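Before any comments, here is the structure.
Bear in mind these aren't lab numbers, they're just calculated from the coordinates by the rules spelled out. Given the structure is predicted, the values throughout are model-derived calculations rather than measurements. As a convention, Cβ positions derive from the backbone with ideal geometry for all residues, glycine included, and neighbour counts pool all protein chains shown.
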Amino acid sequence: MDTQATQLRPSRPNVLGSVSTFSVTLPFLALLLVGISLPLFGGGYWGVIATRACVYWVLVSGLNLVVGFGGQIAIGWVALLTLGAYTTSVLVAGTVTPALPPYLALAIAAVVGAIFGLIIGLPALRLRTFYFAITTLGFATIVTQVALAWQSVTGGGVGVAGPIFPEPFASQWGFYYFCFGFAAICTWMTANIAASRFGRALTAIRDAEVAAEASGISKSALLGTVFLFSGAVAAVAGGLFAALQSYITPDAFTLDLSILFFIAILIGGRGSILGPLLGTILLTVLPEFAAPLVAWSTFLYAVLLLVIVLAIPGGIAEILDFKNRRPLESDRAIIPRPELLEPLLGAPPDAGALTLDEVALSFGGVRAIDGLDLEIRPGQVHGLIGPNGSGKTTTLNVISGYYAPQRGAVRLNGAALPVFARHRRAHMRIARTFQTPRIVGSASVLQNVMIGGTIDGEGTFVESLLSLPRHRRDEATLRDTAILALAAVGLERLAPVRADRLQHSELRFTEIARALMLRPAFLLLDEPAAGLSAEEIERLGALILAIARAGTGVLVVEHHPDLIFDICHHVTVLNLGKILAAGTPAGIRAHREVVNAYLGA
Amino acid sequence: MVESIVSTGLAIGCIYALIAITYNVMFSASRVFSFTAGTLGMLGGVLGSLFIARMGMPVAAGFLLALAGGAVLGIVTEIVAVRPVLKSLDQHLYVLSTLALALMIQQFTAIEWSTEPQPFPRLFDIARGGFDQQIWLPMLACAVVIVGLELLYRHTLIGHAILAIAEDNFAARALGLPERSLRVASFALAGVIGALAGFAGGEMLLAFFANAPMLTFYGFVPVALGGMGNNRGAVVAGLLLGLFQQTANFLVGGIFASVAVFTVFIIVLLVRPEGLAGVTFQRRV
Amino acid sequence: MAITRRQALASVGAAALASGLAKPAIAAKDPILIGYLPALTGPSSSTGVGINRGIQLAVQEINAAGGVDGRQLELITRDTQSDPTKAVNGAAELTHGQKVSAVFGPVNSGESLAVVPLLARANTPQIHPCWVDTLTDSKKYPMCFRNAPTNQQIGGAANHYVVDVLKRKKVAVVSDTTGYGTASVNTYVPMLKAKGADVVYQGNVDAANPDLKPELLRMQSAGAEAIMPWSVNAGFLSRIINTRGQMGWDVPIVGQTTLGSGQTQALLEKPEYWAKVYPNNFRPVCYAAGGKLSDRTNAFLDRLKSAKIDMGDTLLWWIALGYDSPRMIAEAMKNVGTEPEQIVGYLNKLKEFPGVYGDIAFTADKHDGYPDNEVVMVEANSLKDGAFNLAPGYGA
């Protein structure tokens, strides 16, 4: 089973020691073993509880991709459980359509669930977090109300009998194995996604949306896919739930259940498969241990959630993350290896230049950029300097597609770049880094860099789901390329380390490695030297020069004039949105106005 | 018929508007929405019933104690669910922490107080009928809060300070404003407003723990539609919501009325995510 | 001091603990385990709480008198929290885990619908007091018995009162949006029409809606001459009664037993609003013509008083039903032992179990044990010591 750790096979010994695949899959194997052998030591009662845990996990595994990986606060997912349960039951009962065999009904429910998963999830693309959370609650209520009102189909308040699956799944243990099978398959599939470019891209959307866009990840496409999958899987869980209950009424689909699903993921830890799995089992089983606790179960779930959020935001996964407890070396040096850039970046691109022609942009009454001409040629380093507020970062953002110029245009090879198509920039091999490093803190450095190569993958979501050969090839290639990129910037020893344990300067170089994954024709660096020591700035300069020599056109926005004058072929000085001076470093250094306005005597 | 729909619609709209103002006051102080706003409304009714009906206190004393309870819960929200989260990088954690806190209080109330609606005392011993106190109490409360907030924000130093913190957090701190104390004070104020909403609406909604999720949702709709932090928009939207809901109740019946409200809400939000009166966002890069 | 719900629960816990601790001391006769699935918490818990008081009292009395053949009865309680999923979990534990000899409950129809098939598969005799008609089926569920009336019986009595006794032809039928409410409306409207009544209004209203005036105005403008509400939600029912009073609309309200509960009474705006409200109730626990209760009921009330069981916030018939149920089970076990087939066989021949709540009788084909003629309508505002007068004009 592909899990997060199997990617971490760096080519040289790393700081944390080697990570064994076996140790990561061991918990899953243990659970598999316990689950398969349950009838031997557990009675019928624990069979029912275990079946319920399996059914809930089928839903939670899909929701995990939405909430845990994608970071969308979908609290009302019980709506899909309800939909799946009623669809399956009504189709099997034959009250509306001729009675269908249960497997077919379950499949149809999955399709219905996928569609509604998309419908319920799509507002996430338009709404802020809290708003989206409330709309999912609204959907959950609507579905229950419709179930109550549509009496001719759903039986209204009296409900409808659940489906009975044919032998061998009709008996209690038979049905348990049926649900256990689904649970195991869902675990496998979602673990595959977690260890794929889609899983990593989801975490990027969650924690570093801007970087995700810059890496070419389309939030709507990815979230749409995940909502489809999650909805389908939740509906299947609904069908199984209806069979487990043998009779469903609207009052079985409580908001408490929705909260349980959601909290299980948060307690388990976001970005993990094992964590939410354990969380689901815990929350299903916990109230059964003490009968008086049953009344307080939702209260206890809420307490657990609060404790997790305040004390252990990473949840169970963080508690189980032993490898990231080992201390790191204290004096680590970043030593780039520019000779690796050529194999990494490949042949120099034969793109033309990236030009800004008379670009002007105002915010309200303030002219941020006023008639800016800029040309970045492949193979050359262009520096952009100026005081704070002169329009440097705005220029970068215009090139990246965050703003549309009100006058003029940004052109690549003569053709104007489409405005606002931020995630298309990566496809044009325009890469960038950010003023504050945008990193997925809870992922490893290697995974962060692999995010940069997301668009190079060829396998589809379904292929990753089923761990088909093309997915595995993609992963191997991405992993090797990312390790190469990390080696090129000098960070390969830190590849398996959680990114939020890194120093600020290491994060900056990580961002560069990630940008290099695009084999960029143009690289835009936003204050890359901020926060670096003098030695690191020197190495950064050498790296940038080497990147340019490999054929990339680099635009460096900076506050450190020394770095700019050392490495740039051309320099443009901005002041108040206008070009104060442009030319070679020597010329700029002597330029009287620049000296007055910016450099000082 | 029409007058009943209008009077009840406006009255319950005022309750929704007050909860929306609760959300807004918390948001202004912290840029965070708290799930506890609806719970505050519920507690206003429950505490009022507890102090006055069950423990037999005079109305004024029960009223003040209920508001005090709201203030306490507001402060607890700030300390437990908001302050720790503001420090962390992941802003979205506030959704979870406030949700957890709200759930805890709701469940505790359900188990310790009652899962059934309990009577809320008749506050003024006037005969029923016509323009009953059930109807004008929420309206009065809403008017008092609007005027009071206006006076506070425009004419007192502490009000100016709160606005400053909301407007530009860093600048205000640079000027030496005690940001944390002001935030706590804002949350206490929000708590009082929420409790007032529940207390004024108690005769209509009864003392019922399930008012919390209901008010959480219906109190948020005016915020979303009127624009975040925009109290005037919230009041208008709240009144409209109340009228719409009661009209829908009458025209299409109980089940479909709530479906209608949810559907309209979601559609409006999708068309204009910033609300009907809100402002779109600026750069995040 | 009155026993509150919490004290009742605590006493169960204490009793369980005590019985557990005391085991080594008493001679080794295993207790008889009886499973019990009440909804003690959650939105539909009022019935469960009332029934619980009766059950606890009955079990205490039986055990104090020596139990069944020297074996003590042990109630294993699993609170369903008004949630069908927890009811299923609880039922699974009672049958597979605790291996109880019989189960009483669940007390809410939504939960029973899920639990009945499970208990049938587990070969466990079950007695429940839920009203939804489909909950007994002597062929499909041969071990499941109902010691309370069915929806048909309840509705039949109410409809009979409205149409035949009060002679109202135009009727408004209203319920909340719960399963029980919607199922009731679905069942009763055709029954009314079959009696020749004209159902001028039929609707499900959200119980949380604070203003029912528009609904009642619709009923009024449709020409309704009687209102029939079906809900166990005291808030909802009280709003209907209050609104009728505010409107000054003089029509009878005839319907669910909860119309007469202490909870509903507490939520009324004026005591006089409770006039002309006629809930279902059950003859054995009502005052007969001379203002007297039957001897059996009087004796029961005395026992309740001496056990200091509070009736003010619940209904007497719930407590009575709870009281009768374990006694019926104990009776069966005294006669035939604790094997499932024996118990079922005994119940199938039960001619008349003299319950406080009613005389229960079963046959192999009829597992609904409550007699038709003991379902009556009463006058809500005649409530005294937990019992009511029969409604005026009511001749069985």
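Cysteines in the protein assembly as shown that lack a partner Cβ within the 4.7 Å cut-off: A:Cys186, A:Cys568, C:Cys130, C:Cys144, C:Cys286. If you take the Cα centroid of the range A:95-152 and the Cα centroid of the range C:156-192, the two points sit 33 Å apart. The orientation-averaged shadow of the Cα convex hull for the range A:297-439, equal to a quarter of the hull surface, comes to 15.6 nm². Projecting label points 7 angstrom from Cα along Cα→Cβ for A:Glu342 and B:Glu274 puts them 5.2 nm apart. A Förster distance of 56 Å, applied to the separation of the beta-carbon atoms of C:Lys140 and C:Ala222, puts the FRET efficiency at 0.90.
Where does each of A:Ile512, C:Ile32, A:Ile248 land when they are ranked from fewest to most other beta-carbon atoms within 10 angstrom? Don't skip to the answer; put the middle values down first.
Details: A:Ile512 26, C:Ile32 21, A:Ile248 32.
Ranking A:Ile512, C:Ile32, A:Ile248 by Cβ neighbours within 10 Å, fewest first, gives C:Ile32, A:Ile512, A:Ile248.
With the alpha-carbon atoms of the range A:365-424 aligned to their principal axes, the span from lowest to highest coordinate is 29, 27, 20 Å, starting with the largest. Computed over the range A:169-248, the P(r) tail beyond 15 angstrom holds 65 percent of alpha carbon pairs.
Tilt of helix A:504-516 relative to the longest C-alpha principal axis of chain A, in degrees (0 to 90, nearest 10)? The helix A:504-516 is inclined about 90 degrees to chain A. Model label sites at A:Arg325 and A:Ile312, defined 7 Å from Cα along the beta-carbon direction, differ in position by 1.0 nm. For a modelled paramagnetic label at A:Asp357, 7 Å from Cα along Cα-to-Cβ, the residues of the range A:548-581 in reach, with backbone nitrogen under 20 Å, are A:579.
Rounded, prolate or oblate: which fits the range A:398-518 when a ≥ b ≥ c are the square roots of the eigenvalues of the alpha-carbon gyration tensor, with rounded for a/c under 1.5 and prolate only if a/b beats b/c? Don't skip to the answer; put the middle values down first.
Values: a/c = 2.32, a/b = 1.33, b/c = 1.74.
Oblate, because a/c is 1.5 or more while a/b does not exceed b/c.
What number, in nm² with one decimal, is the all-direction average of the projected area of the convex hull of the alpha-carbon atoms of the protein assembly as shown? Please list the in-between numbers first.
Values: hull surface 208.0 nm².
Convex hull of Cα atoms, orientation-averaged projection: 52.0 nm².
For chain A, the longest principal axis of the C-alpha atoms and the axis of helix A:44-64 are separated by about 30°. Note on the range B:48-124: Kirkwood radius taken over Cα pairs, Stokes-Einstein applied at 37 °C and 0.692 mPa s, translational D equal to 228 µm² s⁻¹. In plain terms, the chain from C:Glu339 to C:Gln60 could stretch by 98.2 nm, reckoned as 0.36 nm per residue minus the Cα-Cα distance.
The spread of Cα positions in the range C:237-328, taken along each principal axis and listed from longest to shortest, comes to 46, 26, 21 Å. Between the range A:468-518 and the range B:206-220, the C-alpha centres lie 49 angstrom from each other. Only the Cβ atoms of Lys and Arg (+1) and of Asp and Glu (-1) were treated as charged; on that basis the dipole of the protein assembly as shown about its Cα centre amounts to roughly 660 debye.
Kirkwood radius, the range C:306-359, all distinct C-alpha pairs, inverse of mean reciprocal distance: 12.5 Å.
Computed over the Cα atoms, what is the radius of gyration of the range C:109-268 divided by 2.2 N^0.38 Å, N being its residue count?
Rounded to two decimals, the normalised Rg is 1.12.
Partner lysines whose Cα lies under 30 Å from the Cα of C:Lys270, excluding those fewer than 8 positions away in the same chain, are identified as C:Lys167, C:Lys169, C:Lys170, C:Lys213, C:Lys292, C:Lys305, C:Lys308, C:Lys384.
Based on DSSP H assignment, which helices of chain C show an axial Cα extent of at least 18 Å together with a mean Kyte-Doolittle hydropathy greater than or equal to -0.5?
On the way: long enough: C:5-22 (25 Å, 0.74); C:46-64 (28 Å, 0.24); C:109-121 (19 Å, 0.91); C:179-194 (23 Å, 0.19); C:234-247 (19 Å, 0.07); C:316-336 (31 Å, 0.25).
Sorted by number, the helices that extend far enough and score high enough are C:5-22, C:46-64, C:109-121, C:179-194, C:234-247, C:316-336.
Ignoring chymotrypsin sites (Phe, Trp or Tyr not before Pro) that are buried or in helix or strand per DSSP, and keeping those with at most 12 other beta carbon atoms within 10 Å, what is the longest stretch of chain B between them? Numbers along the way, then the final one.
Values: sites that count: B:Phe124, B:Phe131, B:Phe281.
Answer from the scan: B:132-280.
Here the simple spin-label model places points 7 Å from the Cα toward Cβ, and for A:Leu33 and B:Met55 these points are separated by 5.8 nm.
The angle between the Cα long axis of helix A:102-121 and the longest principal axis of the Cα atoms of chain A comes to about 40 degrees, rounded to the nearest 10.
Return the whole-Å distance between the Cα centroid of the range A:218-269 and the Cα centroid of the range C:230-272. What the calculation gives is 39 Å, centre to centre. Comparing B:Arg232, B:Arg154, B:Arg122 in a Gaussian network model of chain B where C-alpha atoms under 10 Å apart are linked, the largest mean-square fluctuation is found at B:Arg154. Counting only Cα atoms, the range A:217-343 measures 68, 36, 20 Å along its principal axes, largest extent leading. The Kirkwood radius of the range B:1-92, taken over pairs of alpha-carbon atoms, gives through the Stokes-Einstein law at 37 °C and 0.692 mPa s a diffusion coefficient of 219 µm² s⁻¹.
Look at the alpha carbon pairs under 8 Å that are at least 6 residues apart: their mean separation over the length of chain B gives a relative contact order of 38 percent. Reported value for the range C:183-304: 142 Å³ per residue, from the convex hull of its C-alpha atoms.
Computed on chain C, with alpha-carbon pairs under 8 angstrom and 6+ residues apart, the relative contact order is 17 percent. Across peptide C:34-47, the mean count of Cβ atoms from other chains lying within 10 Å of each residue's own Cβ comes to 3. Peptide A:409-422 is shielded by partner chain Cβ atoms: per residue, an average of 0 of them sit within 10 Å of its Cβ. Normalised by 2.2 N^0.38 Å, where N counts its residues, the alpha-carbon radius of gyration of the range A:87-190 equals 1.29. Take each residue in A:554-563, count the other chain C-beta atoms within 10 Å of its C-beta, and the mean is 0.
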